[in-house]
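Some notes on the structure that comes next.
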Amino acid sequence: MLTRLGPLLTVVLLTGPVAFGLAGTVLPAFGFLPALGGTTLTLDHLRALLAQPAIWTSAAISLATGLASTLLSIAIVMLFVAGWAGTRLFARLQHLVSPLLSLPHAAAAFALAFLIAPSGMLARLASPWLTGWQRPPDLLIVHDPMGLSMMAGLVAKEVPFLLLMVLAALPQVPLAQTRMLAASMGYGRVAGFLGGLWPAVYRQIRLPVFAVIAFATSVVDVAVILGPTRPAPLAVRLVEWMNDPNLAMRHLASAGALLQLAVTALALALWVGLERAGRALCILAVEGGLRMRRDAAVRGMALGAMVLSAGAVFAGLATLALWSFAGLWQFPDALPATFTLKSWIRVLPRIADPLLTTLAAGFLSTLIAGLLSVLCLMREEETGRRPGPALMLLYLPLLVPQVAFVFGLQLFLIYTGTLATMPALVLSHLVFVMPYAYLALKDPWHAFDRRFDRLAAGFGKQRWQRLFLVRLPMMTRAILTMGAIGFAVSVGLYLPTVLVGAGRLTTITSEAVALASGGDRRVVGVYAFWQMLLPMLGFAVATLVPALIFRRFRDMQV
Amino acid sequence: MEGLFLDGVRIALGGRLLVSLTRHVPPGAVLTVMGPSGAGKSSLLAYLGGFLDPAFTACGRALVDGVEITALPAEERHVGILFQDPLLFPHMSVAGNLMFALPESVKGRAERRRRAEAALCGVGMAGLGGRDPATLSGGQKARVALARVLVSEPRMLLLDEPFSKLDTQLRQQMRQLVFSKARESGLPVLLVTHDMADARAAGGEIVKIGA
């Protein structure tokens, strides 16, 4: 039976690359790399790693920026939901923030950079009337050694992600009733929510939070665009070593990946400690009956932080768009003196290939992920079992730092001669698209009224007829939304694209990040614009196509 | 044997026996099964329809006109079901719903369309084939659902409290329409309900389970 293959294939496709990849990273770290003549185990490469200048600083930056950005993001989301969930304002902001989820990390980072850089939009708007600057000040705002702007970039992307995860968990808790109950006992909104509902909500979003930590402690693209450079965060240095023409550097890079694994593991362990402390504080507050009736300031701050993080990205994106059409644009003018299509025309010949690769990799990986998700969900229904521990496997590629296993995967691809081929790129994207595709399809799939299926069976329709003539058409919108999410994930993938594409297969995102150091703002503007546009197109298709196909049927319009 | 024959049907959940039934329902007759919720009414329907959850265990067999339907996969049983809700496919027109249910042996688009229109006419819905089901009233939807199940040429009918969501007046009409259509077509009917008025209108034997 085909559905039996679904879960099996999914497990193999998700765990295979991670397992092989980890092996391909760990073994060379200890000197085992037969292709380069390494057949004995040694600690030399680890020693060489620790002898690298400022290696501990790099590791510390990764750990601190990852943990701090996650902590800040979760605090903003938690207090915002606690203070505002159920209000009209909440619903409005939710619609404002959700589109940011589909924005690639790199595009958000560029947006922020274009906003806050010394010659960025903020400085222009404030100059010279406020600052007196006639030329961009010599300040290290972007790439600051503390990693503050990098953290801001991460927060801007993690807040929408965590907010959406919380929104998905909220319907499962009795929000309105608990709010009334807590209010009747004299609790403020925030205290009532945190004491009465947050533990149940947090339990649901715990794995996504872990995924955020794993990502933030090992991020490369945001770090390249916004992060410190002397020294750079660990993951950035690893990729540099990996791309070194001297193949012997692979051992060093692998040893570094091992350190990256340890850093992420330590971050997760520290986070579990923070969870414990948070729980203890929560119990103290609840048992102490802390009412916090006057929480307007806290609510205001949470709202302000939410608006700021979303608003900054939108303002940055607008700036990016301006730059891509800008002719002459001197500091401190707030607007370009002239507008031109020159940058777009200039970039056109070399953007075609990456654009095609982006579309192909995104479409194919999403298609496969969608098929596998449907097969898995069908199998779940057949057996009547929900996957318990198997769901952890789904999160595996999101919980292991990308660098730690994509390195090894690259080695495996070199061995099999498949590096920089389309199938390899699609496979590497699939590993990351699959979890999101499954999670996006799971709830709508279970929400489908199975009596429709029984009716159709009573009419003598075979299983596949029922699937293709009844269930899938009725779920068109959910399936296309899943597709848009999967496609957006694929478009945003940086590291797997760089390592598996090996510079020969490039996507919009890998090209955009490569341009970051070049500093041609107009060209970066064009690439970042495409990065923003492609996921948006996916969601536009997901909204418009079902509305068009089913325009005659009212119950198919939502 | 003509009609539906339930031959020693026993359904249990976790060792607890829910249903134990041997009955004969002649063509056109109705067997009404009554009982409180959780008594196993819906598991009996699922058993006959071929959708019993693996958590249940069932033994015995059910035959319609001598064919052991419980030995067949769901899609070969040709058991027509009417649920509480009309459950018209929202992505097909009214006629599309009927043509979807029509057996594949009816060939030719024109002929299939003609059969669908005739079935609509039979439930007093002539000429509404082109409509979007979402634009129909509750009573009209119920009629289309009935026409749809009849046009699929089932061996028997399963009725899962099909009148409970209709208002009183409509309920009376639909009862008469459904039972007269079943008699006309000579279909054995199994009705599950907890409304005594349904049982009386059905006029057949009443079995109480789980009491």
| What is the dipole size for the protein assembly as shown, taken about its Cα centre, with +1 at each Lys and Arg Cβ and -1 at each Asp and Glu Cβ, in debye to the nearest 20? | 1320 debye
| Projected label distance in nm at B:GLU184 and A:PHE20, using a 7 Å step from Cα toward the beta-carbon | 6.4 nm
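Please work out the FRET efficiency for the pair A:LEU308 and A:GLU275, using the Cβ-Cβ distance as r and a Förster radius of 22 Å; give the result to the nearest 0.05. It would help to have the intermediate numbers written out before the result.
Working: r = 26 Å, r/R0 = 1.19.
It comes to 0.25.
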| message | If I model a spin label at B:CYS59 and A:ILE283 as a point 7 Å from the Cα along the Cα→Cβ vector, what separation in nanometres do I get? | response | 5.1 nm
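For segment A:213-320, give the magnitude of the charge dipole about the Cα centre (Cβ charges: +1 Lys/Arg, -1 Asp/Glu; no others), in debye to the nearest 20. Could you put the intermediate results ahead of the total?
On the way: 9 positive and 6 negative charges, 86 e Å.
Result for segment A:213-320 is approximately 420 debye, rounded to the nearest 20.
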| remark: Volume per residue (Å³) of the convex hull spanned by the alpha carbons of segment A:366-521 is 142 Å³
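Kindly provide the Kirkwood hydrodynamic radius of chain B in Å, to one decimal, from all pairs of distinct alpha carbon atoms. Don't jump to the answer; show the numbers that get you there.
Values: mean 1/r = 0.0567 Å⁻¹.
Mean inverse Cα-Cα distance, inverted, gives 17.6 Å.
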| field | Binned Cα-Cα distances of segment A:61-322, short to long, each 5 Å bin given as a whole percent | value | 1, 6, 12, 15, 16, 15, 12, 10, 7, 5, 2, 1, 0, 0
| said: Can you compute the modelled spin-label distance between A:ASN243 and A:ASP449, with each label point 7 Å from Cα toward Cβ, in nm? | reply: 5.5 nm
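Counting every Cα pair in segment A:137-255, what percent are over 23 Å apart?
Working: 3744 of 7021 pairs.
Counting pairs separated by more than 23 Å, the tail of P(r) holds 53 percent.
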| Calculated on alpha-carbon atoms, Rg and Dmax of segment B:17-81 in Å | 12.0, 33
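Applying 1/(1 + (r/R0)^6) with R0 = 35 Å to the Cβ-Cβ distance of A:LEU8 and A:LEU266, what FRET efficiency is obtained, to the nearest 0.05?
Values: r = 34 Å, r/R0 = 0.97.
Efficiency computed from Cβ-Cβ geometry: 0.55.
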| field | At q = 0.29 Å⁻¹, base-10 log of I(q)/I(0) for segment B:88-153 (Debye sum, equal scatterers on each alpha carbon) | value | -1.39
| Of A:THR319, A:GLY132, A:VAL209, whose Cα points farthest to the positive end of the dipole of segment A:61-322 (charges on the beta-carbon: +1 Lys, Arg; -1 Asp, Glu; origin at the Cα centre)? | A:VAL209
| Value in Å of the Kirkwood radius, where segment A:281-425 supplies the Cα pairs that are averaged | 22.2 Å
| task | Among A:LEU194, A:GLY370, A:LEU548, flag the residue with its Cα farthest along the positive direction of the charge dipole of chain A, charges on Cβ as +1 for Lys/Arg and -1 for Asp/Glu. | result | A:LEU548
| For B:LYS107, B:LYS208, what ranking results if the residue with the fewest other Cβ atoms within 10 Å of its Cβ goes first? | B:LYS107, B:LYS208
| query | When only C-alpha pairs under 8 Å and at least 6 residues apart count, what is the relative contact order of segment A:17-94, in percent? | reply | 13 percent
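Placing +1 at every Lys and Arg Cβ and -1 at every Asp and Glu Cβ, with all other atoms neutral, what dipole size does segment B:88-153 have around its Cα centre, in debye to the nearest 20?
Details: 10 positive and 5 negative charges, 20 e Å.
It comes to approximately 100 debye.
Using only DSSP helix segments of four residues or longer, with each worth -39500 (n - 2.57), what per-residue ellipticity at 222 nm results for chain A after dividing by its residue count and rounding to 500? Could the numbers behind the result be given before it?
Numbers: 24 runs with 401 residues, N = 558.
Mean residue ellipticity at 222 nm (helix-derived): -24000 deg cm²/dmol.
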| message | On the principal axes of its Cα set, how long, how wide and how thick is segment B:1-126? Give whole Å, largest value first. | response | 52, 32, 25
| field | Inter-centroid distance (Cα atoms) of segment A:340-388 relative to segment A:460-478, Å | value | 22 Å
| query | Not counting the cut sites, what is the longest span of chain A without trypsin sites (Lys or Arg not before Pro) that DSSP labels loop and that have at most 15 other Cβ atoms within 10 Å? | reply | A:1-292
| request: Considering the options A:ALA310, A:GLY278, A:ALA337, tell which one lies farthest towards the positive end of the dipole of segment A:275-338, charges being +1 on Lys and Arg and -1 on Asp and Glu at the Cβ, about the Cα centre. | output: A:GLY278
| remark: Hydrodynamic radius by Kirkwood for the protein assembly as shown, inverse mean 1/r across distinct Cα pairs, in Å, is 29.9 Å
| message | If you consider only alpha-carbon coordinates, what radius of gyration and Dmax does segment B:155-211 have, in Å? | response | 11.2, 33
| When Cβ neighbours within 10 Å are restricted to other protein chains, what is their mean count per residue of peptide B:90-101? | 4
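A short reminder: the numbers here are calculations on the coordinates, not readings from a lab. Worth saying up front: this structure is predicted, and the values here are computed from it rather than measured. A quick note on method: Cβ atoms are made from the backbone with ideal geometry, for glycine too, and the neighbour counts reach across all protein chains shown.
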